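Novice: Got a structure here, written out as structure tokens. Questions coming.
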Amino acid sequence: MTDVADRPNGRRSLHDTDRHTRRRNAAERRFRLYGIAAIATGLIFLVVLLVSIVWNGIPAFTQTFVTLQVELPEEKLDKSGTRDIAVMKKVSTFGYAPLVDAAIAAALAEHGIDNPFDKAKKLRAIVSASAPAQIRNAVLANPELVGTTQEFRLLATSRVDGYLKGRVTRESIARDKNIDAEHLDIVDALRDAGVVQKTFNWSFIFGSDASESRPESAGIGVSMVGSFFMMLVVLALALPVGVAASIYLEEFSTQNRFTDLVEVNISNLAAVPSIVFGILGLAVFIQFAHLPQSAPIVGGLVLTLMTLPTIIISTRASLKSVPPSIREAALGIGASKMQTVMHHVLPLAMPGILTGTIIGLAQALGETAPLLLIGMVGFIASNPPETFVDGFMAPNSAMPAQIYEWAKRADPAYYERAWGGIIILLLFLLVMNIVAIVLRRRFERRW
């Protein structure tokens, strides 16, 4: 028997690739290349985004400080000489400001640096406006410091900090009323002398927000506390309500028009813009229920409403993944419907439920729009809550709201801090997603 390809009649062999097959194979190769190109494009954009965030945000984690020897004369800070706190409190920060001026002038004289200003108060443009308050707080905390000379590590102004980071140049300060070239000459000399140093800024991570005139003092720590209390509210309400609703819909309810309507509405609520939930929270929780504006309890309630559909959908999917044979076996040995669900189905579905809950919390943690409408943006989070109850009821901000607030302020130092806040927020989201992946991999069962 001869092979088909060797037949003399010229008929084509089945092993030959015809024109249509070549076109189909070429189309498959092109489609594969399109997919690779799409993935590569997405990765490039992701890398560009991450590099931009890190490049712009890393400077926020460093800050310029000025180390000064500040004299604390008794005749100015405690004229009575009794070290009575009530009397010493009468000296405001305006009384401490000249001490900072004198300390800078003394540092210039000690290191042989020329002072081009005829008045010492003009040197005040080098240090932050919070410096007098920092010294006053230290004196009131320890009155025995009065009459001595103490070393203080004071924040430099945002202009000085920006100059050392390359954000502010001598050309850009030509029209700046807060600082001029003479100040920058002094900064250069003090930096060479070791008086001015740029170090890691822990206050940015653990500190509080500041007014627009003191960007160098602003931190995101108090806003992190606000986000923490909001997540406690979301976890305490969304998890039990969402799981209970999912168990009823999936295990106990009968298929009828009412349950169909509920399921459709849950799916629709998952697609509702988050700002709609903010309007709902403003109308119901603040205007009707009269809960305190800008309080984490209100933000948590709003985010709970927004997170519930996500938790319900993920929980129902986890319950559906449990094989029917588990239910049939439990019912077959005499377990009730409730015992079957609580002792067998729910424990097996718990990894997926926890994963969906963590992803829902991560989504809620990054939401800004609902917080805009309940006033968490206009509030300056300058002090942490004093008690656990104040953590829920006292006005505060949240990380995404704080980032938004910084981004719209005029000073470039706040823009830098907005990028730094994004890094911290992304780290929180990354940790939460890693925890969700670990839980899913650790407890997931394959049927």
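The values are calculated or read from the model by the stated rules, or taken from the named source; none is laboratory data. What you see is a predicted model, and the numbers here were worked out from it, not measured in a lab. Here the Cβ positions follow ideal geometry from the backbone for every residue, glycine too, while neighbour counts run over all protein chains shown.
Novice: Pick out the one residue from Glu263, Glu250 that is of a type in the set (D, E, K, R) and buried (at least 17 other Cβ atoms within 10 Å of the Cβ).
Specialist: Glu250 is the lone residue from the list that is of a type in the set (D, E, K, R) and buried (at least 17 other Cβ atoms within 10 Å of the Cβ).
Novice: Ok, one more. Have a look at Phe206, Phe229 and point out the one that is under 19 Å from Ile380 (Cβ atoms) and in the same structural domain as Ile359 (by TED's automatic domain parsing).
Specialist: From the options Phe206, Phe229, the qualifying one is Phe229.
Novice: Considering Ala329, Ala335, which residue is aliphatic (A, V, I, L, M), at pLDDT 90 or above and over 33 Å from the mean Cα position of the chain (by Cα)? Before the answer, list the steps.
Specialist: Details: Ala335 fails: at pLDDT 90 or above.
Step by step, each of Ala329, Ala335 is checked, and only Ala329 is aliphatic (A, V, I, L, M), at pLDDT 90 or above and over 33 Å from the mean Cα position of the chain (by Cα).
Novice: Before we move on, is Ala289 under 30 Å from Pro384 (Cβ atoms) and surrounded by fewer than 15 Cβ atoms within 10 Å (Cβ to Cβ)?
Specialist: In short, yes.
Novice: Continuing with the same structure: Quick one: would you say Ile39 is part of a helix (DSSP H, G or I) and under 30 Å from Pro412 (Cβ atoms)? Quick ask: steps written out before the conclusion?
Specialist: Values: part of a helix (DSSP H, G or I): yes; under 30 Å from Pro412 (Cβ atoms): no.
When the stated conditions are applied, Ile39 does not pass them.
Novice: Next question, about the same structure. If I ask for residues that are in contact (Cβ under 8 Å) with a residue 60 or more places away in the chain, acidic (Asp, Glu) and either within 18 Å of Ala181 (Cβ to Cβ) or part of a helix (DSSP H, G or I) (or both), which ones from segment 115-152 would you list?
Specialist: Hit for segment 115-152 is Glu144, nothing else.
Novice: Something else about it: Would you mind finding the one in Leu354, Leu365, Leu346 that is among the hydrophobic types (A, V, I, L, M, F, W, C) and under 24 Å from Asp209 (Cα atoms)?
Specialist: Details: Leu354 fails: under 24 Å from Asp209 (Cα atoms); Leu346 fails: under 24 Å from Asp209 (Cα atoms).
None of the others qualify; the one that does is Leu365.
Novice: If you don't mind, there's one more thing I want to ask. State all residues of segment 373-408 that are surrounded by 18 or more Cβ atoms within 10 Å (Cβ to Cβ) and in a helix (DSSP H, G or I); if no residue qualifies, say none.
Specialist: Scanning segment 373-408 gives Leu373, Gly391, Phe392, Met399, Pro400, Ala401, Gln402, Ile403, Tyr404, Glu405, Trp406.
Novice: Would you point out the residue of segment 154-180, among those that are surrounded by 12 or more Cβ atoms within 10 Å (Cβ to Cβ) and among the basic types (Lys, Arg), that is nearest to Ala102 (Cα to Cα)?
Specialist: Arg159
Novice: Only one of these is assigned by TED's automatic domain parsing to the domain that holds Val196 and modelled with pLDDT of 85 or more: Ile53, Ile39, Ile113. Name it.
Specialist: Numbers: Ile53 fails: assigned by TED's automatic domain parsing to the domain that holds Val196; Ile39 fails: assigned by TED's automatic domain parsing to the domain that holds Val196.
Every option except Ile113 fails the conditions.
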